[in-house]
1. Step by step: find N for the stretch 141-251, compute 2.2 N^0.38 Å, then divide the Cα radius of gyration by it. What's the final number?
2. Grab the Cα-Cα distance for residue 91 and residue 186, subtract it from 0.36 nm times how many residues apart they are, and report the gain in nm with one decimal.
3. On a C-alpha basis, how far is the centre of the stretch 225-257 from the centre of the stretch 78-126 in Å? Whole number, if you could?
4. How much FRET efficiency would the formula 1/(1 + (r/R0)^6) give for residue 115 and residue 147, where r is the Cβ-Cβ distance and R0 is 22 Å, rounded to 0.05?
5. Given labels modelled 7 Å from the Cα in the Cβ direction, how far is it in nm from residue 278 to residue 332?
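Every number here is computed from the coordinates shown, using simple stated rules; none is lab data. As the structure is a computational prediction, the values presented were derived from the model and not from experiment. Backbone-built Cβ (ideal geometry, glycine too); neighbour counts: all protein chains shown.
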């Protein structure tokens with residue numbers, strides 16, 4: 001795992017830079033890599049946002065709430081424009097079919113409104129003329145056939161969108177009359193009779209409505225699926241591109257790390273002795289990570305074996321020694337803070353989280369990004385410190 005390596009490049013005691021130009025060169029590289037990391041982070045956030053909202057409902061919501069910037073990005077998604085054009089054509093065809101259904105439904109309305117008992121329901125109720133002072137207290141939404149006809153013929157976007165809306169208002173005409181007038185009154189009986197006739201005709205017409213609704217639902221599902229596939233393909237490509245760039249960034253960071261290590265002084269025999277002693281103080285978990293650092297540059301070294309014989313002089317390179325040195329230093333500092341917090345009865349959740357974070361899988365892109373940022377910040381810290389004191 002690369003997690004221990006993150007702390008290795010925190011090199012506050014690095015010495016031996018050749019000149020100011022070297023320092024400025026490293027700082028320039030650090031700045032470039034930092035900018036690249038920020039760019040990759042933003043692009044990864046976009047991929048994560050897409051992955052967290054892949055359901056059809058979420059896609060519809062995001063499409064409806066997308067701002068101008070999002071729409072501008074969508075223009076560059078291959079295949080999306082074609083899918084949107086096809087969706088527009090399907091919407092237009094579906095609207096035409098629904099218009100034809102409403103025209104056919106108009107035949108039923110004509111039959112009902114031509115009935116001899118339909119006259120009380122053709123115009124809005126004359127509340128004031130009839131002295132119906134409590135009408136609006138009883139009836140929440142007045143309705144009549146002239147209002148229905150006007151909405152069916154409206155072309156300004158305020159009209160009915162489907163047949164079921166018209167059906168609901170026809171029922172409302174008769175139910176309002178039945179609700180306001182006593183059961184034995186003429187208007188109540190007339191409304192009840194016409195409602196029954198309407199329901200019979202509606203049942204005969206209903207299969208056409210259900211067929212169209214089913215077709216519309218299937219088309220919308222297919223359209224959403226096609227659009228989702230386009231988005232998935234685009235974001236999959238984006239993820240692959242980010243991974244490739246992260247791999248290149250890995251190589252650059254490794255080169256930069258090696259350049260910095262080559263500028264370090266040689267680790268003395270005494271330093272090696274202290275390092276060996278410090279290794280024995282690590283927790284089993286941190287010791288395993290330290291051995292992983294050694295194994296990275298020594299493929300034959302079995303870091304996970306039950307018994308490990310670590311010969312620092314024979315197995316460990318100068319670069320690895322520096323990485324071990326600063327990992328061990330950081331690990332012991334964390335252990336010290338953890339012990340102090342425990343003795344004081346404090347909450348050590350922050351320490352636990354820090355340790356747990358080191359166990360994340362390197363294949364996880366977010367941790368790769370975090371690793372790059374820590375490395376860059378560490379090098380920047382070293383450069384800044386060196387620029388303040390003479391070289392050794």
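1. In units of the globular-protein estimate, the stretch 141-251 measures up at 1.99.
2. 29.7 nm
3. 48 Å
4. The pair residue 115/residue 147 has a calculated efficiency of 0.75.
5. Once both label points are built, they end up 0.6 nm from each other.
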